[in-house]
Amino acid sequence: MLRTTARPSALTAVSRIAQRSLASSSTDLISIELPASSFEGYNLEVPELNFDTEKETLLKMYKDMIIIRRMEMAADALYKAKKIRGFCHLSVGQEAIAVGIENAITPEDTVITSYRCHGFAFMRGASVKEVLGELMGKRSGVSYGKGGSMHMFAPGFYGGNGIVGAQVPLGAGLAFSHKYRGQKAASFTLYGDGASNQGQVFESYNMAKLWNLPCIFACENNKYGMGTAASRSSAIVDYYKRGQYIPGLKVNGMDVLATYQASKFAKDWAAQGNGPLVLEYETYRYGGHSMSDPGTTYRTREEVQHMRSRNDPIAGLKAILLDKEIATEEEIKAYDKEARKYVDEQVAAAEADSPPEAKMDILFEDVYVPGSEIPVLRGRISDDSWDFKNKTFLNKVY
C-alpha cells in the first residue's frame, strides 16, 4: 500500500508533467492523415484516419518519447555497471504506447500494466530520478527503493506488476471503481502477448462485459513472449479478436499518432457507457525480454535492424515534425540535447542518493495509512509480530 502523504521533495503529477513538457505555446492545429493500415476492427467501426491536433501536443509527444528512450538507455548502462540488480525489463522501441495513451487520457483515468513499466510511471508523473532511483534501490525511488523495476507506481498508475497477467483482473476492478463512482473515466489495462493466454484474462473479459465496465483491455503485442514467438504460443494471434463478445481494435503501436488516436477513441467509447474494448497495439522491443536476454537467439539481427530503420516511433514522428514544418532539424537536435542533459542530471542525482536505512520499521511503514494502524501486525511466527506503537518486534509467544 502506498503512503498517501507526499514526500517534501516530491512534485505533484501536474507540475511534473508541466516541468518536463518543453512544448511551445502555439495552439495551431495540424491536420493528420494516418495510413489505412493503422487500424483493423473487430465488430467495430475503426477510428477516423483524419484528425486535427495541436502543434504543442505533437512536440510534447516527441519530447516524452526521447526522454523515455534516454531513461531506458541509462537503465541499460547502470545495469551493466552492476548498479541495478535483479529483474529489469526495458521498453526501447515501445515508447509510442505509453506516450500515445497518456496524451489521449486525463488524470482521472487509470492505467495498470505488467513489469515493462518504466515509461508508464514516467508518463503518469514520476520523475526520471524516481524511476532510476527505484531501479537502484534508493530511498528517493518511486516505491522508496523497495519495489524495483517491476513495482513502480504514480498518481493514477497502479503498477508495475510482477505476476504475469495478474494485473488484468485488477484493471477490471479499477474500471468497476470508475463505474461505481459515476466517473466518465476508463481503466487502461495493459498486458503482453505472452500473458494473453492466461485464464484470468478471459475471466476479466467476461466480468467486464457482464457488468458493462469501462475497461480498455490493451495487449502490447511485441511479437515475443520472453523468447517464444507469438505464433508458437497462441492458436490465434489476432489478439484484438480474443474478446469474442467484446469489440476489438488492432493498432499500429509503432506510430505514436495511431496510438494516440486509438486511445482517444477507446477512452470516449468507455466514457459513453459502451462497456469494455479490446485493443491490440502491434509493437516491437529492440532489446531482449529482460537484461539477462540478449534477444538474438530466437530472432535475427536483421529483423531487429529492419524494425529500427523502418518503423521506429521516434524517427516516424520526427519526420512528421519536419514535413509539416512544426520544427526544424536544428530545433529537433536541441530537443534531443536537452533530453540527454535532463536524463544525465537525473541519473547523477539518483546515483548520489542513499538507500533506505537499515531499520526494521521501514519494512512496515507502507502497510497502513499513518494513523490507521492496528496495534500489532501478526507475523509468520510469533517472533515476527510487529508493534506499531513502539516500532519494534513484539517477541511474544502465543
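Values computed for the structure shown
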item	result
Ranked by how many other beta carbons lie within 10 Å on average, peptides 278-284, 360-366, 198-204, 146-152 from highest	278-284, 146-152, 198-204, 360-366
Fraction of alpha-carbon pairs over 22 Å apart in the range 98-249 - percent	42 percent
Where the Cα pairs of the range 336-398 fall when distances are cut into 5 Å bins, in %	4, 15, 18, 13, 10, 7, 8, 9, 7, 5, 3, 1, 0
Cα-based Rg / Dmax (Å) for the range 203-303	15.5, 46
Sequence-distant lysines (8 or more away, or on other chains) whose Cα lies within less than 22 Å of LYS223	LYS241, LYS250
Average Cα contact separation per residue, the chain, under 8 Å, 6 or more apart, as relative contact order %	19 percent
Probe 1.4 Å, protein heavy atoms only - accessible area per residue of the range 92-216 in square angstrom	31 Å²
Enclosed volume per residue, in Å³, of the convex hull spanned by Cα atoms of the range 222-275	87 Å³
The range 86-169 - Debye-derived log10 I(q)/I(0), Cα point model, q = 0.11, 0.18, 0.19, 0.22 Å⁻¹	-0.25, -0.68, -0.76, -1.02
Square roots of five times the Cα gyration tensor eigenvalues for the range 261-395, Å	46, 25, 21
P(r) of the range 33-93 over all Cα-Cα pairs, binned every 5 Å from zero, in whole percent	4, 13, 14, 13, 13, 13, 11, 9, 8, 2
The chain - convex hull of the alpha-carbon atoms, volume per residue in Å³	162 Å³
Nonlocal amide H pairs with GLU54, under 5 Å, H built at 1.01 Å	ILE30
If the convex hull is drawn through the Cα atoms of the range 266-312, its volume per residue in Å³	114 Å³
Calculated from backbone phi, Karplus (6.51, -1.76, 1.60) coupling profile of the range 341-353 in Hz, x at Gly/Pro	5, 4, 5, 4, 5, 5, 4, 4, 5, 5, 4, 6, 6
5 angstrom amide H check on ALA218, placed H, neighbours 5+ away	THR189, LEU190, TYR191, LEU279
Alpha-carbon radius of gyration plus Dmax, which is the widest Cα pair, for the range 194-245 in Å	11.8, 36
From phi via Karplus (6.51, -1.76, 1.60), per-residue ³J(HN,Hα) for the range 314-330 in Hz, x at Gly/Pro	6, 4, x, 6, 4, 4, 5, 4, 6, 5, 8, 6, 7, 8, 8, 4, 5
Per-peptide average of other Cβ atoms within 10 Å, ordering 333-342, 259-268 highest first	259-268, 333-342
The range 272-398 - percent of accessible surface contributed by carbon and sulfur, probe 1.4 Å	50 percent
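The values are calculated or read from the model by the stated rules, or taken from the named source; none is laboratory data. Given the structure is predicted, the values throughout are model-derived calculations rather than measurements. With ideal geometry, Cβ positions are generated from the backbone for all residues, glycine too; neighbour counts draw on all protein chains shown. Accessible surface areas use protein heavy atoms only, side chains included; no ligands, DNA or RNA. Shrake-Rupley method; radii C 1.70, N 1.55, O 1.52, S 1.80 Å.
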